[in-house]
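Taking it in order: structure first as structure tokens, then the write-up.
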Amino acid sequence: KNQVEQSPQSLIILERKNCTLQCNYTVSPFSNLRWYKQDTGRGPVSLTIMTFSENTKSNGRYTATLDADTKQSSLHITASQLSDSASYICVVTVQTSGTYKYIFGTGTRLKVLA
Amino acid sequence: DTEVTQTPKHLVMGMTNKKSLKCEQHMGHRAMYWYKQKAKKPPELMFVYSYEKLSINESVPSRFSPECPNSSLLNLHLHALQPEDSALYLCASSLVPTSGTGELFFGEGSRLTVL
């Protein structure tokens, strides 16, 4: 069964601290993995995309890693800001029969405090 | 233009009302999606349109009726909804598999409240 699990479920950190969010997946056939940021009541916005051959990718203060062997990804946030408070969703893409299928993780709710 | 536009942003309706949610994109994407999202949960897929044809219906009740009038527009018609249908409804679009990596572009969502 295709599944994406994220941890922790929620996280509270102080401003300017770093944090790392985890995503484990059992999805086949794997196409790519994306991290989305979703502010409360808004639509998700893509942060990074990781394909099978990529290990690390950065987008400003966000750095994503992918270990295709262990089927794990992480999102590291450096020097957190209050605006980082949001839900972070890991989405694995499966390409089958001419369409994309997106497997969503349960998300990590991050709260950054001043 | 990398936007998916949804209207209305907020909708309150009674259980006997008929209303519609609208979604528009001008990125040339030929795959469009409706998702339903409850609080603190990930989005749940409802429908997928590929080249303006319904390709996936995730066993959604018939009180939700999707429509894709052209390659840029996607509607969700609502009739006789229940209070438990209150949620954030997200529209998304993507390129089809032969054309790219399949990034989902989401709209801002329509917050639906059923009284």
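So, residue A:111, is that one within 14 Å of chain B (Cβ to nearest Cβ), among the basic types (Lys, Arg) and either under 19 Å from residue A:51 (Cβ atoms) or part of a loop (DSSP other than H, G, I, E, B) (or both) or not? Give the derivation first.
Details: within 14 Å of chain B (Cβ to nearest Cβ): yes; among the basic types (Lys, Arg): yes; either under 19 Å from residue A:51 (Cβ atoms) or part of a loop (DSSP other than H, G, I, E, B) (or both): no.
The answer is no for residue A:111.
Name the pairs: first residue in segment A:16-38 and at positive phi, second residue at pLDDT 95 or above and assigned to a loop (DSSP other than H, G, I, E, B), Cβ to Cβ under 6 Å, at least 6 apart or on different chains?
Listed by first residue and then by second, the contacts come to A:16/A:79.
Give just the number: which of (1) within 14 Å of another protein chain (Cβ to nearest Cβ); (2) within 18 Å of residue A:102 (Cβ to Cβ); (3) β-branched (Val, Ile, Thr) does residue B:60 not satisfy?
(1)
What is the residue count in segment A:94-108 for residues that are facing chain B (nearest Cβ under 8 Å) and either more than 16 Å from residue B:104 (Cα to Cα) or not polar (S, T, N, Q) (or both)?
Pass one, segment A:94-108, residues facing chain B (nearest Cβ under 8 Å): A:95, A:98-100, A:102, A:104-107.
Subsequent filtering for residues that are either more than 16 Å from residue B:104 (Cα to Cα) or not polar (S, T, N, Q) (or both) retains A:98, A:100, A:102, A:104-107.
Qualifying residue count for the region: 7.
I'd like to verify a number: residues in segment B:39-51 that are more than 7 Å from every other protein chain (Cβ to nearest Cβ) and either in a strand (DSSP E or B) or at pLDDT 95 or above (or both), how many?
Number of matching residues: 5.
Among B:20, B:86, B:55, B:65, which is the only one that is more than 24 Å from residue B:114 (Cα to Cα) and touching a strand residue (DSSP E or B) at 6+ places or on another chain (Cβ under 9 Å)?
B:55 is the lone residue from the list that is more than 24 Å from residue B:114 (Cα to Cα) and touching a strand residue (DSSP E or B) at 6+ places or on another chain (Cβ under 9 Å).
Would segment A:1-19 turn up any residue that is touching an Asp or Glu at 6+ places or on another chain (Cβ under 8 Å), away from chain B (no Cβ under 12 Å) and over 13 Å from residue A:77 (Cα atoms)? Walk me through how you get there before you give the answer.
The initial filter retains those residues of segment A:1-19 that are touching an Asp or Glu at 6+ places or on another chain (Cβ under 8 Å), namely none.
No, segment A:1-19 contains no residue that is touching an Asp or Glu at 6+ places or on another chain (Cβ under 8 Å), away from chain B (no Cβ under 12 Å) and over 13 Å from residue A:77 (Cα atoms).
The values are calculated or read from the model by the stated rules, or taken from the named source; none is laboratory data. Since the model is a prediction, treat every value here as computed from it, not as a measurement. Don't worry about glycine lacking a Cβ; one is built from the backbone with ideal geometry, like all the others, and counts go over all protein chains shown.
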